[in-house]
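Step one of this worksheet: look at the structure below.
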Amino acid sequence: MKERLKEIKQEALEQIEAAVDEKKLQDVKVYFLGKKGQITEVLKGMGKLSKEERPVIGQLANEVRDEITEALESKKSKLEQAALEKQLKAESVDVTLPGRPVQKGGPHLLRKVIRDIEDLFTTMGYEVAEGPEVETDFYNFESLNLPKNHPARDMQDSFFISEDLLMRTQTSPVQARTLRQHEGRGPVKIICPGKVYRRDTDDATHSHQFTQIEGLYVDEKIRMSDLKGTLNTFAKHMFGEERNIRLRPSFFPFTEPSAEMDISCKICQGEGCSVCKGSGWIEILGSGMVHPNVLEMAGFDSNKYSGFAFGMGPERIAMLKYGIEDIRHFYTNDVRFLKQFHGV
Ligand code: FA5
Ligand code: MG
């Protein structure tokens, strides 16, 4: 038995020495010191020993157990130390490495164009007004001289939410809302920027959600020439003297007469391309003299008051100003696109 205990000690110390991780070490411990371990096996044979031999073997077994335990402990702390060192090495910070550059953001190009237009019109005495994006059928259509079933509603395919509610198709309802607030007294001089929604098929110049800026000026003796002068000032400010502008007769139920304004295409310099669909021109706004029905419905005396209104598309304006060939760039938000316009 003595021999066996010595063997056990020898084997155990060798295996402890060879153990490469704590799991292995635990296995060794169980194998030698566990309830069914090697030492217990030996001690089972104690019964066959003489009275004199028993304490001797018992003591030896204890010594062997102590030595093995000690070896286990010391190996364990060595392994822990090694693991810690490895971790420290792996996680160490090289303070001499260059830092990651901080990504600087900036306002979206569309925001800048809208702000620029707002600034221009506020210097001309316009105030900024806003209205809800979820609009009633009344304000989006009826108050603008577009009764239910009027064929001109087809010009703006709409997202209806209920019988009476829809995503506004234009910023023109803000005209009607603001006029009512003024209770028949002019002047009313506002611009209204905001999002609008239409069931348009997306292409290079159309989006199902886009922005508009509405303008409205109602007072005594406002004439078509005032509208033309205002739009001209706007166009020159936005595009410079050299770009061509044209006013084209058009139709809107809420203005009479009506006109749309086109700007010569920047992509092809007016030669005709896929963006302007070969025409050399891109439409940026609709406008006209406020229809007497709209004034009367909002409580204004149309014999005393007259006015003009316009509704422009800032995306189209930005495209023409900066030579952007697809409106979808504004909404897909590729930073490579957006970054080009930081600082413009
Ligand atoms: C209107 O929405 C009228 N409310 C404009 C108006 C206001 C006329 C006041 C008279 C008085 P129109 O549907 O043409 O008109 O749209 C106006 C502008 O919005 C267009 O000239 C164009 O610049 C832009 N626009 C129209 N549809 C889209 C679209 N799907 N995607 C991007 N821009 C669009
Ligand atoms: Mg139009």
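Here, each number is a calculation from the coordinates, and none is a lab measurement. Remember, it's a predicted structure, so these values are computed and weren't measured experimentally. Neighbour counts run over all protein chains shown; Cβ positions are idealised from the backbone, glycine included.
Structure notes:
- Label point distance in nm, Glu14-Gln340, each placed 7 Å from Cα along Cα→Cβ: 7.5 nm
- Share of alpha-carbon pairs per 10 Å distance bin for the stretch 102-259, given as whole %: 9, 33, 39, 16, 3, 0
- A Cα-only calculation for the stretch 185-231 places Rg and Dmax at 15.0, 42 Å.
- With pairing defined as another cysteine C-beta under 4.7 Å, the cysteines of the chain that fail it are Cys192.
- Label point at Phe251 placed 7 Å out along Cα→Cβ; residues across the stretch 148-177 whose backbone nitrogen lies under 19 Å: 148-158
- Overall dimensions of the stretch 5-150 by Cα: Rg and Dmax, Å: 41.5, 120
- Average projected area [Cα convex hull, the stretch 233-330], square nanometres: 7.3 nm²
- Centre separation in Å (Cα based) which lies between the stretch 52-69 and the stretch 10-31: 20 Å
- Rounded D (µm²/s) - the stretch 176-315, Kirkwood Rh over Cα pairs, Stokes-Einstein at 20 °C, 1.002 mPa s: 133 µm²/s
- Charge dipole magnitude, Cβ of K and R +1, D and E -1 - the chain, Cα centre, debye nearest 20: 860 debye
- With 27 Å as the limit on Cα-Cα distance, the pairs of Lys228/Lys339; Lys112/Lys189; Lys35/Lys75 that go past it are Lys228/Lys339.
- Since only Leu60, Gly47, Leu88 are under comparison, the one whose Cα sits farthest along the positive direction of the charge dipole of the stretch 1-112, derived from C-beta charges on Lys, Arg, Asp and Glu, is Leu88.
- Two-decimal ratio, the stretch 2-82, of alpha-carbon radius of gyration to 2.2 N^0.38 Å: 1.17
- Between the Cα long axis of helix 109-123 and the first principal axis of the chain there is an angle of about 40°, rounded to the nearest 10.
- For the pair the stretch 298-344 / the stretch 108-124, the C-alpha centres are spaced 9 Å from each other.
- Residue of Glu91, Glu53, Glu283 that the Gaussian network model of the chain assigns the largest fluctuation, springs spanning Cα pairs under 10 Å: Glu53
- Helix 2-18 and the longest principal axis of the Cα set of the chain meet at an angle near 30°.
- Between 0 and 90°, nearest 10: helix 224-239 axis offset from the chain longest Cα axis: 40 degrees
- Theoretical FRET efficiency, 1/(1+(r/R0)^6), r = Cβ-Cβ of Thr40 and Val93, R0 45 Å, to 0.05: 0.35
- Where trypsin sites (Lys or Arg not before Pro) fall in DSSP loop in the stretch 26-62, at most 12 other Cβ within 10 Å: Lys35, Lys36, Lys51
- Antiparallel DSSP beta bridges within the chain, as percent of all bridges there, nearest 5: 95 percent
- Helix-derived mean residue ellipticity, 222 nm - over the chain, DSSP H n ≥ 4, -39500 (n - 2.57), to 500: -13000 deg cm²/dmol
- Bins of 20 Å from zero: percent of alpha-carbon pairs in the chain: 23, 32, 8, 11, 16, 9, 1
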